[in-house]
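Read-outs throughout are calculated quantities, based only on the coordinates presented, and are distinct from any laboratory measurement. Note that the coordinates shown come from a computational prediction; the quantities given were computed from them, not determined experimentally. Quick reminder, even Gly has a Cβ in these numbers, built from the backbone with ideal geometry, and neighbours come from all protein chains shown.
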Amino acid sequence: MEFLLAIITGLLYAAGLYMMLRRSLVKLIIGLIIISNGANLLIFLLGRITKGHPPIIPEGSKVFTEIYADPVPQALILTAIVISFGLQSFAIILIKRAYQVVKTDDLDEMNTIDEDIK
Amino acid sequence: MLIAILTGFAFAVLLLFGGKLVKGKLSILSTLIPLGLFIYFARFIGDVSSHNFIQENFSWIPSLGVNLSFKLDGLSLLFCLMITGIGTLVFAYTSAYLKGHKYLDRFYGYLSVFMGAMLGLVLSENIISLFVFWELTSISSFFLIGFNNDNPASRKSALTALGITGIGGLLLLAGGIVLGNISGTYNISEMLANRDLILGHEYYILAACLIFGAAFTKSAQFPFHFWLPGAMKAPTPVSTYLHSATMVKAGVYLLFRLSPVMGGTDFWNTTLTIVGLVTMVYSAFHALFRTDMKGILAYSTISALGILVFLIGLGTHESFLAAAVFIIVHALYKATLFLITGAVDHQAKSRDVTQLSGLRKVMPIVAIAALLAAISNAGIPPSVGFVGKDLIYEGTLHMENSVVLLTALAIITNVLISYAGYVAGIKPFVGKLPKRYENVKKPPFWLWFPPLLLGTLGFVFGIFPVLIQNTLIKPILWSIGLEASEVHLKLWHGFTPVLGLSALTIGSGILLYFLLKPSHKLISFIAKFDKVSPKYIMEKMTWAFARFSAFWTNVFQNGYLRNYVSTITLFLIILMAFTLLQETTYRVDYSSFAKLTVYEIVILSILILAIGLIVFAKSRLAAVVATGIMGYCICLLFVFYSAPDLAMTQFAIDTLTVILFVLVLYRLPKYLKLSDYKMRIRDGILSLAFGGLITILALEVLAQPVNSEVSDFYAKNAYLLAHGKNVVNVILVDFRGADTMVEISVLAISAIGVFGLLKLRLKSVERYQK
C-alpha cells in the first residue's frame, strides 16, 4: 500500500507542478492546492501508515495498550491543512480582485509595471 | 613600523572630522605627516647600511598563517624614503596646486590612505598582507584618478585603471596562495629557504605566471600598459606621486622582492626580458606621437618601467645594480618633469607642447628645474641619469647571448626617452614667447620649490654618487641576496665602450629633437593603429562581456514566474536524480498488494481520475469540482489510515475551498488554454520527472528505519500530563498550544485580508490612480 501511496503522492506533485507552470492565474492556484495536498500526503506517508488504530487512548486505560498511528505527523498535517486554507482563500479572492483591476488572468499580461495599467 | 603605516589611514579618518581646517590656509600643515614619516624612516639608514634589517611581527590571523609582519631592509627602505620623501613634496605642492578646491580635504585623505597602503606594501613580509595593501593602493588610485568626478573621461579612466590593477591584485592573491601551498609558509623570507622546493614544483610555472600577471598590470607592462596614460586624467600631483614615482613601481618591487625566491630560471628571465623589451621600445616609440606633456611623460614612464622589468629579467649582478640605481634616477627626474608640467598647466592653462613656448621668460625658476630634469633624463653628465644609463649599458654588455640586440634596443629606447624629456622639459621654455602667455604670472613658492629641489638632487647624487652608494644601493643588493662590497658608483669610468654608447645616445637624442617637431599630424597618424591596440581590444572584450552578462541575466531573470519555477525544479531533479539513481535500494513488496481492500482500490482509482480531470479539464467548473473530489478522496484515505481528526478537518476545509471558488467563479474570465502544444509537452515531461523524483524519494525514506522517540513521548504523557485521550488534539491544544495560537492569528489575518479585498470598492482605486 505504501508503494501505491508513494505513486499517488508523486502524481499529485506532478499535476500540481504542471498546473503551476500554466499561464492562467486560476490554474496556478489550483496547482498550489494540489501540491499542498501532495505535501500533506507525503508527510502522512513518511510517518508510516497504520490501519484501524487511531491515536486515541482507549476507554479505561491511561496509556496505549496496543499499536497506534503516529500522532506527530497528524498534528503537523492538521496545522498544514488549516494554514493552506488561509493561503488558498486569500489567493482566490486576490485573483478575483486582480481580474477586476487588470481585466485578465494571463500571468504574461500582468508581467508589467503599474504605470501601464489603465 | 605598524604605527608609521597606520598614520596615513588615521590621518584620512581624522580629515572626516577636521576636514575644514586643511581646506584653508592651514593646508600646508598636512605636509608634516609625510615629512615626519620621512624623518622616521631616514633614521634607519644607519642601521640598514650596516647590513642589518629591522623586523616587527603582529599576529593577525595566525590560524591561516597570515600575520602583519614587517621587515625594513634596503629595498623597503628605498621605497619608504621615496614614498615619504616625494610624498612630502607632493603634499606641499598640492596645497598650492589645488588651493581653495572645495574637495581639498578629500584629496588629502585619498593621498594619505595611498601613502599608508604603499608603505604597508613595501614593508610587508607576509605575501597575503602584501596583497591587502596592494589592493588598497589600487583603490586609492581609483579615487584619485576619478577625483574630477564630474568629468566622464575621468570616471572611465578610473574604472579602467581599477579593472586592470584589480585583476592583477587577484592574480597576486592566487599566486601568493600557490606559493604558500608549495612552501608551507606565506612569509617571503621563509619561502626563500624553500627555494629549491618552489623551483622544482610542478606548479612553479603557474605561480610565476600569476606573479607576472600581478606585476605587469600594476607596473603597466605591455599589453596592460594602457591604463597608465588614461590615469593621467588625475590631477598632476597624483600623476607625479602614484603614476610615476611610487605605485606603478609596486610591480617592479614585487619582482625585485621575489627574484631571490623564484628567479634565476630560464622561464622567469626570458619572460621578463621579452616583456620588458617590448614595453620599453613600444611605449618609448609611442611617446613620439603625443603633444600633451602628461601624455609624453606617461609613455616615457611606461618605457622606464619596461627598462626596469627588462633589467630584472637579465638577472645578473650588473643588471640588478643598474635597476636599483635607475629606480632612484627615474623617481627624481620623472617626478620633477611631472611637477613642472603641473606648474605650467596651473599658470598657463595648457599642456600642449605645440602651443607652449618661451615660458622661461615668465617662469624662469620652473624652467631651470625642467632643464635639470631633462638633462638627468637624457643621461648627460654630471647628472645621476648618466650614472644610471651607464649601468644599463654595463648590464646589457655583460650578457652572454645577444649582446648586440639587447644593447641596440636599450640605445633606441634611451634615445626616444631622452627625446621625450627634451620635448616636455625644454621645448615649452625655449623660443619666442607668444603674446597670449605674456601675462602669465609667476608660480607660487610651493609650485616651483619641489621640482627645483628634486632636480637639484639629481645633480647632487650625480656628482657625489657615493651618497647613495653606501646608504641605499648596497643595502638593496644585500636585500635580494647579492654581494655588494665591490659596488663603486662613479661618474667617470675613463674611455670605455660604455662611454661611447652614452655619447651616441646623447647625440642621437639631441639630433632627433631638432629633426622631429611634435605635431597633431603625428597624433592622427598613430590614431590609425588604434584598432589593433591592446586598449581597443580590451574595450571590445569588456563590451562583449557586458553583452553576454545581459544575455545571461535575460535568460534566467526574465520575470516569468513559471520559468523560475521550471529552472529551479529542473536543477533539483538533475541534482537529486544523480545521487538517487546510483543508490536506489527500494524493492517493491508485491505481497502487500494482496491485503488491499476494495474500498482502497476504488478510492485510489477515483483519486487518479480526479487528478487527470483537473489537468485536462476544458472548463473551470469541472476543474474546481475535480479538485473537490480529489480533496474528498484524500479525506477518505485519512479515514482508512487511522487519522479521524485529519479527515474531519480536510472535509471541512475542502468544502469551504470549493464553495469559495464557485462563488468567485462567475466573475472570472474564460478558461483558456494559453500555452501552445510544445510548451505543454515540455512542462508535462518536467512535471512527471518531478513527480517521479518525489515518489522515489518517498520510497527511499520508507526503506529507512523510523525513529518514534517524539511520538512515544506524546503518546505516553497525553493522559498522564495533559489528561486528554485524543493524542493529536492534546499535541495541538496543549503541548504545542502556543503554536496553535499563532496559527489562529495567521488565519485571522488572512480573513481580514479576504474581507478587505471583498469590500474594497474599485472606485477608490481609480480615484487613487488619478
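Of note:
- Contact order normalised by residue count of region A:3-118, Cα under 8 Å, 6+ apart, percent: 25
- Once the chain from B:VAL710 to B:MET648 is taken as fully extended at 0.36 nm per residue, the excess over their C-alpha distance is 19.9 nm.
- Other residues whose C-beta falls under 14 angstrom from the C-beta of B:THR471 contribute a net charge of 0, scoring Lys and Arg +1 and Asp and Glu -1.
- Nearest 10 degrees, 0 to 90: helix B:127-145 Cα axis against chain B principal axis: 80
- Across peptide B:747-757, the mean count of Cβ atoms from other chains lying within 10 Å of each residue's own Cβ comes to 4.
- Note on A:50-61: average number of Cβ atoms from other chains within 10 Å of each residue's Cβ is 5.
- Taken over the protein assembly as shown, the convex hull of the Cα atoms encloses 254 Å³ per residue.
- For region B:246-263, putting each phi into the Karplus relation 6.51 cos²θ - 1.76 cosθ + 1.60 with θ = phi - 60° gives couplings of 10, 4, 5, 8, 4, x, 4, 4, 4, 5, 4, 5, 8, 3, x, 7, 10, x Hz, in residue order, rounded to whole numbers and with x for Gly and Pro.
- Additional length obtainable on full extension of the chain from B:ASP676 to B:ARG155, 0.36 nm per residue less Cα span: 182.7 nm
- For chain B, the pair-distance distribution built from all alpha carbon pairs, in bins 10 Å wide starting at 0, is 2, 11, 18, 18, 11, 7, 9, 10, 8, 5, 2, 0 percent.
- Sequence-distant contacts, meaning Cα pairs under 8 Å at least 6 residues apart, place the relative contact order of chain B at 10 percent.
- Volume in Å³ per residue [convex hull over Cα atoms, computed for region B:112-175]: 56
- Pairs of C-alpha atoms in region B:560-710 farther apart than 19 Å represent 70 percent of all such pairs.
- Ordering of A:101-110, B:360-369, B:157-166, B:291-300 by burial proxy (mean other Cβ atoms within 10 Å per residue, highest first): B:291-300, B:157-166, B:360-369, A:101-110
- When the charge dipole of region B:282-518 is built from unit charges on Cβ atoms (+1 for Lys and Arg, -1 for Asp and Glu) and taken about the Cα centre, the candidate among B:LEU409, B:GLY358, B:THR456 whose Cα reaches farthest toward its positive end is B:GLY358.
- At full extension, B:LEU580 and B:ILE463 could sit 34.0 nm farther apart than now, given 0.36 nm per residue minus the alpha carbon distance.
- C-alpha center-to-center spacing [region B:79-127, region B:192-250] in angstrom: 20
- Think of region B:560-710 as a dipole: +1 on every Lys or Arg Cβ, -1 on every Asp or Glu Cβ, centred on the Cα centre; then among B:VAL602, B:THR655, B:LEU697, B:THR655 lies furthest on the positive end.
- Nearest-20 debye value, the protein assembly as shown charge dipole, Cβ charges on Lys, Arg, Asp, Glu: 4260
- Across region B:28-45, rounded Karplus estimates of 3J(HN,Hα) from the backbone phi angles (6.51 cos²θ - 1.76 cosθ + 1.60, θ = phi - 60°) give 5, 5, 5, 4, 4, 5, x, 5, x, 5, 4, 5, 4, 6, 4, 4, 7, 4 Hz, Gly and Pro being marked x.
- A simple packing score, the average count of other Cβ atoms within 10 Å per residue, orders the peptides B:440-452, B:568-580 as B:440-452, B:568-580, with the highest score first.
- Selected from B:MET293, B:PRO518, B:HIS346, residue furthest toward positive end of dipole (region B:282-518; charges at beta carbon): B:HIS346
- Magnitude of the charge dipole, region B:335-402, Cβ model with Lys/Arg +1 and Asp/Glu -1, debye to 20: 460
- Protection proxy ranking of B:744-751, B:313-320, B:384-391, B:697-704 - average other beta-carbon atoms within 10 Å, highest first: B:384-391, B:313-320, B:697-704, B:744-751
- Dipole magnitude (debye, nearest 20) for region B:282-518, charges at Cβ of Lys, Arg, Asp, Glu: 1320
- Working from label points 7 Å from Cα in the Cα-to-Cβ sense, the B:LEU613 to B:ASN470 distance is 10.7 nm.
- Per-residue shielding of B:729-735, expressed as the average number of other chain Cβ atoms within 10 Å of the residue Cβ, stands at 4.
- The angle between the Cα long axis of helix B:497-515 and the main principal axis of chain B comes to about 80°, on a 0 to 90 degree scale.
- Tail weight of P(r) past 14 Å, computed on alpha-carbon pairs of region B:71-150, percent: 66
- With K and R counted +1 and D and E -1, the other residues having a Cβ less than 14 Å from that of B:ILE368 yield a net charge of +3.
- Karplus 3J(HN,Hα) series, Hz, for region A:49-56 with 6.51 cos²θ - 1.76 cosθ + 1.60 (x for Gly, Pro): 9, 9, 8, x, 10, x, x, 10
- For chain A, convex hull volume per residue from C-alpha positions, Å³: 116
- Cα→Cβ-extended label distance, 7 Å offset, between B:LYS759 and B:ILE28, nm: 7.7
- D by Stokes-Einstein for region B:282-518, Kirkwood Rh over Cα pairs, 37 °C, 0.692 mPa s: 182 µm²/s.
- Using a Förster distance of 30 Å, the FRET efficiency for B:HIS317-B:ILE205 (Cβ separation, nearest 0.05): 0.70
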